[in-house]
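Some notes on the structure that comes next.
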Amino acid sequence: MQVTNTTCTVCRRNCFISVEHDDHEVYAVYGNSCHRGKEAAIEEALAKEKKFLGEIKIIGEKELLPVRTEGLIPKEKFAEAEAFCKNFRIPKPIRIGDILVENFLNTGVHLISLKTVS
Ligand code: SF4
């Protein structure tokens, strides 16, 4: 069994929801304030693929650059993606939407910048 924690974005209340589940079945849901949020959290927990969001270091800067994959990647790749981002450095200038890594982790999707840093 695993636990997926998520912040519900269905409405502005942004409830923090935990889902206990395995690959195909949900055992318990905690933290939701309504049924819509529960359904969204279950859908998120059981999804096999998701857009990866992370941060990478900019050479010569203290601030981190927010990044994400252009498309969905398998959730099982997320640990590898986190490790990659932790060790990756990028020089300035960077524009929002720039492709930072093509075919990120052989997933077929690119890793892109979510911010401009000049
Ligand atoms: S669980 Fe319901 S009340 Fe909470 S953020 Fe989601 S939609 Fe809004």
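Results, tabulated for the structure shown:
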item: Relative contact order (%) - criterion: Cα under 8 Å, at least six apart; region: the stretch 1-45; result: 35 percent
item: Rounded to 10°, Cα long-axis angle of helix 35-46 versus longest principal axis of the chain; result: 60 degrees
item: Local electrostatic count, Met1, Cβ distance below 15 Å [Lys/Arg +1, Asp/Glu -1]; result: -4
item: Other-chain or far-sequence residues with amide H under 5 Å of Cys15's (modelled H); result: Cys8
item: Relative contact order for the chain, counting Cα pairs under 8 Å that sit 6 or more residues apart, in percent; result: 18 percent
item: 14 Å reach of a label modelled at Thr9, 7 Å along Cα-to-Cβ, counting backbone N of the stretch 49-76; result: 50-54, 67-72
item: Whole-angstrom gap from the stretch 40-76 to the stretch 100-118, using each part's C-alpha centre; result: 10 Å
item: Overall Cα dimensions of the chain - principal axes, largest extent first, Å; result: 45, 31, 20
item: Set of lysines with alpha-carbon distance to Lys86 below 30 Å, sequence-local pairs under 8 removed; result: Lys48, Lys50, Lys51, Lys57, Lys62, Lys75, Lys77, Lys115
item: Cα long-axis angle, helix 78-87 against the chain (0 to 90 degrees, to the nearest 10); result: 30 degrees
item: Calculated from backbone phi, Karplus (6.51, -1.76, 1.60) coupling profile of the stretch 91-105 in Hz, x at Gly/Pro; result: x, 7, x, 10, 10, 4, x, 4, 7, 8, 9, 7, 6, 4, 6
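Each reported figure results from applying straightforward, stated rules to the coordinates on display, with no laboratory input. For clarity, every value in this text was computed on a predicted model and none was experimentally measured. Because the Cβ atoms are built from the backbone with ideal geometry, glycine has one as well, and the counts that use them run over all protein chains shown.
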